[in-house]
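**Student:** Got a structure here, written out as structure tokens. Questions coming.
The values are calculated or read from the model by the stated rules, or taken from the named source; none is laboratory data. Predicted model only: the values in this text are computed from it and were never measured. Note: ideal-geometry Cβ built from the backbone for every residue, glycine included; neighbour counts use all protein chains shown. The protein model used for the area step is the full one, side chains on, heavy atoms only, and it has no ligands, DNA or RNA in it. Shrake-Rupley method; radii C 1.70, N 1.55, O 1.52, S 1.80 Å.
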Amino acid sequence: MALSLTLWQLPVLAEAQFITENLHLRAQLKARQSTLVSSEISARISQLKLHDGEHFSAGQILVGFHCNLEEAQLSKSQATLGKKLKVYEVNQQLEDRRSIGALELAISKAEAEEAKADVRITQAMLDRCVIHAPFSGKVSEVIARLYQSVRPGDPLLEILDDKDLEVEFMSPSRSMPHLTVGKHFKITLDEVAKTYAAEITRVGGKVDPVSQTIKVYGRIIDKADELLPGMSGAIEFTSSP
């Protein structure tokens, strides 16, 4: 018996074919963690040893600045704190002997607390003279140079976590019912000409109404040390789980 189709049935058939047969899309590898490191102070760079492509560990110093003034201010505030604490200690002893009034004791205590706050402020300023790595990873671009003078907000270098990569691609929104978390697919990367097993980890929160696509994220299951952010290739979904 011959099969006849009306015009309104054609999109339904196309969609069924789209889902049950293979779905080919383009995808890109991206780092889940990446950031642009910027200066918080106006100073001259005194330490910048990392180069593009080099690895670093969490907590490692990325950038250091000349901060002689801040160091001197910290020493001064610490000395002032020591003096204020000593005055307060002596006033406490005098108060026990009824040789000082309550107001004088309260003032000396307040001055000691003020000196403590000054130390914390100066220490916070000095802490900004060194930038530590927020996570382990790799330098993707060095923007500043050693001995360069920078201002707050000036970019210094870009870093990323090259061990935590995810696959990102756009898929037709009509395929959403089949883009479930845990669904497996394959990705063939152009740069290395190799195919890897992967799975969906999450689906975007909105559909683009113009292109009628949705962003999908996944991870490569196979262990692959040669992968780098920015690599791209074709992915393939099949009707099998």
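**Student:** Once neighbouring chains are kept in place and the probe is 1.4 Å, which whole percent of the accessible area of the chain is contributed by carbon and sulfur?
**Tutor:** Of all accessible area on the chain, carbon and sulfur atoms account for 53 percent.
**Student:** I've got another one for you. If you average the C-alpha positions of the stretch 33-86 and of the stretch 102-176 separately, how far apart do those two centres end up, in angstrom?
**Tutor:** A separation of 10 Å, based on Cα centres.
**Student:** Net charge within 13 Å of Glu54 by Cβ-Cβ distance, Lys/Arg positive one each and Asp/Glu negative one each, not counting Glu54 itself?
**Tutor:** Surrounding charge for Glu54 is -2.
**Student:** With a 10 Å radius around each residue's Cβ, average the other Cβ atoms per peptide and rank 177-186, 26-35, 96-105, highest first.
**Tutor:** Ranking the peptides 177-186, 26-35, 96-105 by packing returns 26-35, 177-186, 96-105.
**Student:** Placing one identical point scatterer on every Cα of the stretch 22-118 and ignoring solvent, what is log10 I(q)/I(0) from the Debye formula at q = 0.10, 0.13 Å⁻¹?
**Tutor:** Result of the Debye calculation: -0.59, -0.73.
**Student:** What spacing in nm lies between the two simple spin-label points modelled at Asp154 and Ala79, each 7 Å away from Cα in the Cβ direction?
**Tutor:** Here the answer is 3.1 nm between the modelled labels.
**Student:** Further, regarding this structure: Using only DSSP helix segments of four residues or longer, with each worth -39500 (n - 2.57), what per-residue ellipticity at 222 nm results for the chain after dividing by its residue count and rounding to 500?
**Tutor:** Calculated at 222 nm, the ellipticity per residue is -9500 deg cm²/dmol.
**Student:** Based on DSSP H assignment, which helices of the chain show an axial Cα extent of at least 27 Å together with a mean Kyte-Doolittle hydropathy greater than or equal to 1.6?
**Tutor:** none
**Student:** Continuing with the same structure: Count the net charge of all other residues whose Cβ sits under 9 Å from the Cβ of Ala198, scoring Lys and Arg as +1 and Asp and Glu as -1.
**Tutor:** So the surrounding residues net to 0.
**Student:** Related question: Give, as ranges by residue number, the residues of the stretch 104-145 whose backbone N falls under 16 Å from the point 7 Å along Cα→Cβ of Arg44.
**Tutor:** Flagged as within label range: 145.
**Student:** For the chain, with the dipole built from +1 on Lys and Arg beta-carbon atoms and -1 on Asp and Glu ones, taken about the Cα centre, which of Gly64, Gly82, Ser175 lies farthest toward the positive end?
**Tutor:** Gly82
**Student:** Same structure, new question: List the residues, sorted by chain then number, that are 5 or more residues from Lys194 or on another chain and whose placed amide H is less than 5 Å from its amide H.
**Tutor:** Answer set, sorted by chain and number: Leu189.
**Student:** When ligands, DNA and RNA are left out and all protein chains stay put, how many square angstrom of accessible area per residue does the chain have with a 1.4 Å probe?
**Tutor:** 62 Å²
**Student:** With the crude spin-label approximation of a point 7 Å out along Cα→Cβ, what separation in nm comes out for Leu105 versus His55?
**Tutor:** Going from the Leu105 label point to the His55 one covers 6.1 nm.
**Student:** With +1 on each Lys and Arg Cβ and -1 on each Asp and Glu Cβ, how big is the dipole of the chain about its Cα centre, in debye rounded to the nearest 20?
**Tutor:** Dipole of the chain, to the nearest 20 debye: 360 debye.
**Student:** Report, in debye and to the nearest 20, how large the dipole of the stretch 70-134 comes out about its Cα centre when Lys and Arg carry +1 and Asp and Glu carry -1 on their Cβ.
**Tutor:** Roughly 100 debye, rounded to the nearest 20.
**Student:** Taking R0 as 35 Å, what's the FRET efficiency between Lys186 and Lys206 from their Cβ-Cβ distance, rounded to 0.05?
**Tutor:** Rounded to the nearest 0.05, the efficiency is 0.85.
**Student:** Give the residue from Leu126, Leu228, Val216 lying farthest towards the positive end of the charge dipole for the chain; charges sit on Cβ (+1 for Lys and Arg, -1 for Asp and Glu) and the dipole is referred to the Cα centre.
**Tutor:** It is Leu126, whose Cα lies furthest towards the positive end.
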